[in-house]
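*Asks:* My structure is below; once you've seen it, I'll send some questions.
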Amino acid sequence: MNILVQFITVSNSIDKGFDKQFNSVSFHNASKALEFVGQKNPNVIVLEYTLESNNTELLVDTLLIESPNSKIILLGKNLSDEVIIQCLSHGVYGYLDFKEIDMFLEKAISSVAVGEAWVSRKLVGLLIERIRG
Amino acid sequence: MQHWIDVLNPLYTVSFIDSLEKIFPANNSDLKKTILVVDTALINDVHQFPLLCESFHKVLVVSEKFTPSQQIQLIYDGASGYSNYSIDKPLVKRTIEGIISDEIWLERRLIPTLLKGIVDKKNASNCAGELNDKILKTLSILTHREVEVVEHVYKGEDIRTISNTLHITARTVKAHLSAIFRKLDVQDRFQLVVFLKDLHVGNSAFPSASTMFEHTHISNRP
């Protein structure tokens, strides 16, 4: 499957090495990223949380308006369950901590691209508790 | 469920009951430390389910007859998980371990649909009160009287109450229910309520049978 992956990150180190596995493109600026998303509708968007740390949820909403079928994987460093759950409730399909990138990012992208969610059952449980409460 | 008991007995304190009436009234603080594994065949009163979820620490629903969307609706309604009866023994153990660890136990392939449903419900919260076209289309195969019966079942009323309200015999109510179950392809009243919630009936005011009937049959005119 030819997966178009769009990286939206602060640093330019995360996306290195993925060009061979996927058709990937990187942005370090949210405005340009949004423009690309609307035009190209990538299969997967890998979004680094710190890029818009106060507005990540808003950025997620906007990305999904531009490209409703794109699946977003959130990258973060030691994000709290609260933050991750908040992003899940806005439509993020997966979460990966920075320390897991080398081991799992490729697998996460491949899984999410075919419609799976890359999120632990425990986080799903916490999210459900939140909406019930 | 005997193989469930066989697997779990050596690992946990397991007790087996064959009727939910033996649990209620649920005024026992020990229930809050207990995980309930419940066969849906025992749930006769649809109001029992939320009460079970409030009374017990966790509730795992076991059945063979729930569709994926109905399984997801059970989770929204308070269950911690859904499983088929006939899973193998290692999976029985893994299921309970997951529930104890605060995981939501659902087939992995359904998690994206569960998450999407949460997002959709959040986004659809402005639509409360509007008639739901999906409900109308689905229930348009029922007669006017059958829709009235569905409305009362959704409110949690028992057969006697429905027969008194609609001025029909209990036998007639049961006949209508049989027809409703057959047309909507559900097995019992509990599954009917789960089915209706899955149509997002709960997100909008349930339209009266008269309104619904008139609306669907106007829509069906050429």
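*Asks:* Once label points are set 7 Å from the Cα along Cα→Cβ at both A:PHE98 and B:ASN123, what is their separation, rounded to one decimal in nm?
*Replies:* Rounded to a tenth, the inter-label distance reads 3.1 nm.
*Asks:* Continuing with the same structure: Can you pull the one-decimal nm distance between simple spin-label points at A:GLU106 and B:ASP88, each 7 Å off the Cα toward Cβ?
*Replies:* Roughly 2.9 nm, to one decimal.
*Asks:* Within 10 Å of each Cβ in peptide A:91-102, how many partner chain Cβ atoms are there on average? Round it to a whole number, please.
*Replies:* Numbers: counts 7, 2, 4, 2, 0, 0, 0, 0, 0, 0, 0, 0.
Mean shielding by partner chains, rounded to a whole number: 1.
*Asks:* Using the Cα centre of chain A as the reference point, and only Cβ charges (+1 on K/R, -1 on D/E), how large is the resulting charge dipole? Debye, rounded to the nearest 20.
*Replies:* 240
*Asks:* Something else about it: Report the extension gain between B:LYS32 and B:ASP102 in nm, rounded to one decimal, defined as 0.36 nm multiplied by the number of residues separating them, less their alpha carbon distance.
*Replies:* Details: separation 70, 0.36 × 70 = 25.20 nm, distance 1.42 nm.
Residue separation times 0.36 nm, minus the Cα-Cα distance, leaves 23.8 nm.
*Asks:* Going by C-beta contacts inside 10 Å, put A:SER120, B:SER80, B:SER29, B:SER163 in order with the fewest on the left.
*Replies:* B:SER29, A:SER120, B:SER163, B:SER80
*Asks:* Under Stokes-Einstein, with the Kirkwood radius over Cα pairs standing in for Rh, what whole-number D in µm²/s applies to the range B:1-90 at 37 °C and 0.692 mPa s? Each step should come with its number before you reach the end.
*Replies:* Details: Rh = 13.7 Å.
Value of D from the Cα-based Kirkwood radius: 239 µm²/s.
*Asks:* Provide the FRET efficiency to the nearest 0.05 for the B:ILE168-B:HIS57 pair, computing r from the beta carbons and using R0 = 35 Å.
*Replies:* On the way: r = 42 Å, r/R0 = 1.19.
It comes out at approximately 0.25.
*Asks:* Rounded to whole Å, give me the distance from the Cα center of the range A:52-85 to that of the range B:67-102.
*Replies:* 28
*Asks:* Other chains near B:97-109: what is the mean number of their Cβ atoms within 10 Å of each residue's Cβ?
*Replies:* Neighbouring Cβ atoms belonging to other protein chains average 4 per residue here.
*Asks:* Continuing with the same structure: Nearest 20 debye, what's the magnitude of the dipole of the range B:4-87 about its Cα centre given +1 on Lys and Arg Cβ and -1 on Asp and Glu Cβ?
*Replies:* It comes to approximately 220 debye.
*Asks:* Still on this structure: Of the listed pairs A:LYS107/B:LYS58; A:LYS40/B:LYS116; A:LYS71/B:LYS33, which have alpha-carbon separations greater than 29 Å here?
*Replies:* Where the Cα-Cα span goes over 29 Å, the pairs concerned are A:LYS107/B:LYS58; A:LYS71/B:LYS33.
*Asks:* Next up: Return the loop-located trypsin sites (Lys or Arg not before Pro) in the range A:64-133 (DSSP other than H, G, I, E, B) with at most 12 other Cβ atoms within 10 Å of their own Cβ; answer none if there are none.
*Replies:* Answer by residue number: A:LYS77.
Laboratory data are not the source of any read-out in this text; all were calculated from the coordinates shown. Just so you know, these numbers come straight off a predicted model, no measurement behind them. Glycine also receives a Cβ, built like all others from the backbone with ideal geometry; neighbour counts cover every protein chain displayed.
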